[in-house]
Every structure is written in structure tokens, then in C-alpha cells.
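First the structure, in the form of C-alpha cells, and then the observations on it.
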Amino acid sequence: MVIPVFLGGITFIFFLKSSLSYILNIPLDGGCTLFGKPIFGKNKTLRGPLVMSVSTAFWGYIVYAIFYPSVMSPMQIVFRFALVGCAYHIGELPNSFVKRRFGIPPGSHPPKKPYQILTRIIDTTDGLFSVGVMYYFIFTFSLQSILVAVFVGIFLHQATDMLMVSLHLKK
């Protein structure tokens, strides 16, 4: 369960470093504001849902072809994992929306320590929980397996965050 989303995230990081990245650098909120503040902010672009959907679908297909041949048709596998990849990005949007309401810039945290800890936890888990929900509804994984995968995903998310910081893609 974790491998397609993890590899989709790694693929996303490499895409961000590519010269093609600018093509999809279109804000999801279209630059619109709500009460004078951005809806999601400049970092939430078409790159997220599109690249995560395609890359997670690709890696999900590879994993299923190796470990679960003939369980589902290739189109079912690709479609379901594309939904999983998109769910990861969609799961991040409510957090971005709330942070913009409080005037917290993209990639930043609030100035007070307790709120920093809370936003870091939410930043790490929001996409993973939406992926868990998607897995629950479109695959036959047990709730226990999904919770273990989310827990493992938290640690992998931290590792990819460190990679993004080292590549200067994130502060």
C-alpha cells in the first residue's frame, strides 16, 4: 500500500526539479482570494494532483502486476491508484486553506510553539489520512492494514520532507 504513494511522491520531487515543472505551475485557486487572502496559496498547483495521480497510478500498476497479477484489470488498477494519488493531494488542501485564513504563508508554520507542533503534525498526516480513506473505499485492505500503512507513511513523509529541504524545494 505504501510503495505506490511513496514512489509517486519521489517521482513528484524529481518532477519539481525538472525543466518541465513550470508547465503545470498553475495555482489550483487560480490566484483567487477569499476575504483578501489566498484560498490555498501559490504552492498548491496543478502539479500536485496531476503528477501524483499519474505517478501513483504508474507505480501502483507496477506493484500490482508484480504482487497481485490478475486480481484486477490493468485499467482498474491504474484508475484506482490515480484516485489514491489525487486523494493525497486533495487531503492537503483543507490544511492549506486553514493556514491561509490565519495568514500563515505556504511552507511556514505559526510563530507560537504549540501551534507549530500541531501544524507540523497535520502537514505530515493530512495527505496520508485521505489516502487511507481512499484505500478503505476502493480496495479490499483491512482497516488495520491501512492504519499500519498510514503509520509507516508518516515516517516516509518525514524522509521525503528532508529530501525536499536538501534539494531546496521546501524550507
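Among all positions in the stretch 45-57, there is no residue which is among the small types (Gly, Ala, Ser), farther than 19 Å from Phe139 by Cβ, outside any strand (DSSP E or B) and out of contact with any Phe, Trp or Tyr (no Cβ under 8 Å at 6 or more places or on another chain).
In the stretch 1-29, how many are in a helix (DSSP H, G or I), of a type outside the set (Gly, Ala, Ser) and more than 13 Å from the chain's Cα centre (by Cα)? Residues that pass the stated criteria total 8. Residues of the stretch 9-24 being of a type in the set (Ser, Thr, Tyr) and open to solvent by less than 90 Å² (accessible area, probe 1.4 Å), which ones? Of everything in the stretch 9-24, those that are of a type in the set (Ser, Thr, Tyr) and open to solvent by less than 90 Å² (accessible area, probe 1.4 Å) turn out to be Thr11, Ser18, Ser21. Against the test of being under 19 Å from Val2 (Cβ atoms) and either part of a helix (DSSP H, G or I) or in contact with a Phe, Trp or Tyr (Cβ under 8 Å, 6 or more places away or on another chain) (or both), the options Ile122, Ile62, Ile117 yield a single qualifying residue, Ile62. Just for the stretch 66-107: of the residues that are hydroxyl-bearing (Ser, Thr, Tyr) and under 17 Å from the mean Cα position of the chain (by Cα), which one is least open to solvent (accessible area, probe 1.4 Å)? Only one residue fits best here, namely Ser96.
Consider only pairs whose beta carbons are under 7 Å apart and that are at least six residues apart or on different chains; among these, list those whose first residue lies in the stretch 112-132 and is at negative phi and whose second residue is surrounded by 13 or more Cβ atoms within 10 Å (Cβ to Cβ) and of a type in the set (Phe, Trp, Tyr). Taking only residues 6 or more apart or on different chains, the pairs are Gly127/Tyr88; Ser130/Tyr88; Val131/Tyr88. Counting the residues of the stretch 30-62 that are modelled with pLDDT of 95 or more and more than 19 Å from the chain's Cα centre (by Cα) gives 1. Of the residues making up the stretch 25-58, those that are β-branched (Val, Ile, Thr) and either open to solvent by 30 Å² or more (accessible area, probe 1.4 Å) or within 19 Å of His157 (Cβ to Cβ) (or both) are Ile26, Thr33, Ile39, Val51, Val54, Thr56. Within the stretch 28-39, residues that are closer than 13 Å to Leu93 by Cβ and in contact (Cβ under 8 Å) with a residue 24 or more places away in the chain sit with their Cβ atoms under 9 Å from residues that are open to solvent by 70 Å² or more (accessible area, probe 1.4 Å) and part of a loop (DSSP other than H, G, I, E, B), at 6+ positions apart or across chains, in these pairs: Pro38/Cys32; Ile39/Cys32.
The values are calculated or read from the model by the stated rules, or taken from the named source; none is laboratory data. Predicted, not measured: the structure shown is a model, and the values here were computed from it. Here Cβ is always computed from backbone atoms with ideal geometry, including for glycine, and neighbour counts include all displayed protein chains. Heads up: the accessible areas ignore ligands, DNA and RNA and are worked out on the full protein's heavy atoms, side chains in. Shrake-Rupley method; radii C 1.70, N 1.55, O 1.52, S 1.80 Å.
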